[in-house]
Each structure stands twice: as structure tokens, then as C-alpha cells.
1. For a Förster distance of 45 Å, can you work out the FRET efficiency between the beta-carbons of residue 210 and residue 240, rounded to the nearest 0.05?
2. Taking the Cα centre of the stretch 422-488 as origin, sum charge times position over the Cβ atoms of Lys and Arg (+1) and Asp and Glu (-1), and report the length of that vector in debye to the nearest 20.
3. Rounded to the nearest 5, what is the percent of antiparallel bridges among the DSSP beta bridges in the chain?
4. Considering only 85, 524, 30, whose Cα is most displaced toward the positive end of the charge dipole of the chain, charges sitting on Cβ of Lys, Arg (+1) and Asp, Glu (-1)?
5. Based on the mean of other beta carbon atoms within 10 Å per residue, what is the order of 316-327, 234-245, most packed first?
6. Would you mind getting me the FRET efficiency between residue 223 and residue 522? Use the beta-carbon distance for r and R0 = 51 Å, nearest 0.05.
7. Is there a quick way to get the dipole size of the chain? I mean about its Cα centre, with the Cβ of Lys and Arg at +1 and of Asp and Glu at -1; what is the value in debye to the nearest 20?
8. So how tilted is helix 107-116 from the main axis of the chain? Cα-based, degrees 0 to 90, rounded to 10.
Amino acid sequence: MSGQQAEEIIIEVNEFGGVYASVPSAMDKSKYSEEYLKQLLKQEGCLGIDIEKEAHEEIKKLLKSKKAGRVKLGNKEDGAVDILIPHDKLTAKLSIATARGGKQVGVQDIMAALDTRKVDLSLVNKKRIVGLILQGQRSDPGALIEVEVAKGYPAQHGQDTQFESLHDEITERLPSESRDGSLEYCDLEELLSVEEGVELMRMIPPTEPKKGINVIGEEIEAKTGEALAFNAGDGAVICSKNPNVLISSMKGQPVMAHKGVKVGHLKTLGSVDLATGDIDYDGSIIIKENISAGMRVKATGDVQVFGMLEDGSIEAGGNVDIKLGARGHANRSSNVEIKCAGNLSAGYLDNIRVQAKGDVLIKTKLSNSFVFAEQQVVVGSKGQKKSSIVGGRTVSGVLIRAEELGGSSGLSTEIVVLYSDAVEERLKSIKKEISDKNAKLISKLGKMVGLSKQKTDKAKREKLALTEETESIKQEITELMAEQSRSEDCVDQVKSGRIIVQKETNPGVTIKIFDQEIKVKARYGAGFFALDEGKVSFQKPNKEE
């Protein structure tokens, strides 16, 4: 070694990849810097190693004391490659850790890794592999780079039989599934009436399934769509010329049913008064004018009134639509009552009682009334200048929305989101039934254990009979638990319910959600009432609301 060489640090690499700096005693300490060491590492192909924390200080100490020594700088690390495949095996992601002074990952390394994980090469994007290698060469030492290099094809399950209504106006007597207050009053058209032989619904057969393939070349089974049959209700039949079409077999009002349509009788009247008497009809009714004071209308289907209801009553097995509105007398006990198994829509309600299985949608004002809707109560519509709930008690199982709650006079007004008493009673009943059946099941299982110890034919017969009984009890418990879950979901739904106010809430209003309530003593602006940490609180609306 020459004298000049002895004055420079020498980089040495052992057989295990350890990198060392051999420091001479005669080197001028002023020549040393971290940049100087980096240049030496670059010359020896070791640039990028993770230099140990104390290495620089140890080198500086040796130079200062003019002592020769050997300092470990770190270890050369080759680049590493890994193939990441998720549980569904539909994708393969290539992960590369760039080298630290060692050999970078190449195409052969990647192909070997893909082969080890048995990735189907026909599904591999070769361009992405080349791009990843180039990116690794430009990246910092020790960088982690990932890219999806292979993608399988998921199975395409066959779609079940679909049922397509051929008339947009066909009535649906189902509560709305909306929970965000997006509903509003809309002016409904006259109930649809069809003649005999009209096409009502088309059945679309199930589609064929298509198998998929994952990134390791395995087939993914696809489910066959379920073939369903028409549910031809009363007044509807399958077309003799096309078994995929349902047609009306009578004149009347078509109503959506599960997997089908039924057609009910439809009666049209001018008005209901003393001349017509009370109406009790098996079907739907259209009343072109008014329902006079004291008159009662009952129908198994829908009731649509183009005028108003005054101090009378309506009971419907479907929806009720009153174009103008309904009014009772404030100076005496009102006879006005509306019950419906579907939705109620009306221009206004004043001094009446309402029970609706679905939604209650009012155009302008709900005043001094007692309303219970299992779904939403929404007062107001687009273009309506003012809508409000004033006086009385309004109860919803999901959501209540109006522009204004209460009046400037401070009239007592209750706004409540609460499930019906029937839900609470049924929930208690279910829990007791489950407890009783569990006790009965345990008793019978105990008897079966005793019979198992007996080897007689009689014991075997009794045990067999008990086995059938216990299986029946288990099934009953399963069904009760499912019903309990649905009832508890109803309670949870109430707890997450909202009372939305688009303009203001006035003093005199009581807000109740589930078992919590507040009495409004000061005017609130736009916002909503909801449970927050178990208490009713008022919150200002988000921008999107």
C-alpha cells in the first residue's frame, strides 16, 4: 500500500455483506465529512446502506486521536420482492423494497416470486412490471413501491327473476323506506283504472351465471339466478299468449303486490252526503267532490277525495288522498278520524285524529290534530310559501319535518318520534315467550338424557317423540328471536330519528325522541332535533341539508 493510499479511508465489505470503514492513522481529519464518506461508498457500490448511528462519531474520534481503526458502517441489503394476494384472490399486488447498497430487484426476481405464488401469468400486466423496476431504480434506497400486476375476473351471479311494472301509475301500498326526510307532499293523479285484458307486469327470466377466475387460475363458481313465478292476485291472470306477462281479468284499480299485481274494484262517486249515506266498499273509492259532515267512508282499498272531509271519517285498507284537506270542529269533540294501512296525503289537517301505517304527507298545515304515523310525517312541498305543525300531538316512528313548529301565540304543541305501544308490548311478550320456551326446551332435553340411559323400545320411542318436539321448539325460538331483532331495530330506528325544522321552532313546543324530551322556551332557527349522547339536542343543519 503506498503512502498516499494510507492517508485515505478504505471501504471494505465482508462475505456477509457487512460494510466497514478502515481508518488510517495518518489521514488529515479536515478531509473527512459525511459527503466524503458517501463518495467512498458510491465508488465501492455501497451507496444507500443504512449507516449506523454512531459510525461518524467513531471515525471522527479515530482521526482526532490519529489512531488507525475499523468502524462498521452497516450492511449491504439487496432489494426484496413480495407478492400480496388478498383473501378473495382476485388481485395480485407486487411489492418491491429497493436495495440499500445491494442488488436491485430485476425481472427474473419478480417472475420467480410470481411463480412461487402460482400467479397465472396470462393475467399479469407485463408493462407494469417493467415500469415498477424502472421506478425502483429511480427511488431512494429502502423505498417501498407497490403496484397491482394481476387481476382476475369475479363471478357474475345469475340475476333472479325480475318483475317490471308496465304502468308507472300502479299504486304501491308500501311505507316509504326513505329515512332522510327527502319525501314531500305531491299532488297525486286520479287513481289508475284499467279495462279487462290490459298488460300490467312483465316477468324477466333469470340471467345465466358466468364463472370467474382468480389470479392463481382457479375458477370461481357463480350462483344461478332463482327462477320465480308470478303472484297473480285477484283480478289478474297470466296472459295465455305470453306466460311472461300478467294482464287484468277485470276492470278496476291495479295495485302492486309481491311478484305481481292485483286488480281491485273501483267505485267513483260525486260526493258522499245524506243522499248516498255512509259508504262501505270492497275496493277503492274516488270521490270527486266532498265528504259531508257526519258521513263515514270505509274501503278495503284506497280512498281519494278531490274535495274535502268535514267532520266525518275515513277508514282505508290502502292509501288515503284528500286534495283540499280535512277539518273537524274546534268547539266540540271532533268526529273527524282517518285510519289507513298505507300513506295519507292531504292539503291540510285541522282538528282531526289520524292513524297511518305508512307516511303522512301534508301540503300546508297540520293544526290541533292528533296524528300517529309509523313512518314519516312531512308537512310542506316545493313552492309552498309556509307550512307548519301547530297545536295537538304529532307522533312519527321515524322522522318529522316541517317549516315551522308551534305558533307565535305559544300554543302547546307536542312533536314526538316514538314507536307505537304495540311494538313495546310485543317486545315484552316476545322476551317472555322466548324465556318460557327455553325453560320448556331445557326440561325436555333433561328427559331425553334420562331416556338415553334406558335401553327399552319404549324409551327409544319416547326419546324420538321428544326429539321432534325439541326441534319444533328450537324453530319457534329461532323465529321469535328474529322477530325480537326486528322489533329492537325499530327501537334503534326511533333513537336515530330526527325532527327537522326548516325555518323556526316557537316557544310552547315539546320535543320528545324515544324517552327523552325538552320543552322549547326560546325561539330556535333552522336545524334539527336529535338524540346526542342520550339527550335531545338542537343542531344547526349541515350545508347539504
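Derivation of every value follows stated rules applied to the coordinates shown; laboratory data play no part. Values in this document were obtained by computation on a predicted structure and should not be read as measured data. Glycine also receives a Cβ, built like all others from the backbone with ideal geometry; neighbour counts cover every protein chain displayed.
1. 0.85
2. With Lys and Arg at +1 and Asp and Glu at -1, about 540 debye.
3. Around 40 percent of the beta bridges assigned by DSSP in the chain are antiparallel ones.
4. Toward the positive end, the furthest listed residue is 30.
5. Highest-to-lowest ranking by the protection proxy: 316-327, 234-245.
6. The computed FRET efficiency comes out at 0.30.
7. 1560 debye
8. So the inclination is approximately 50 degrees.
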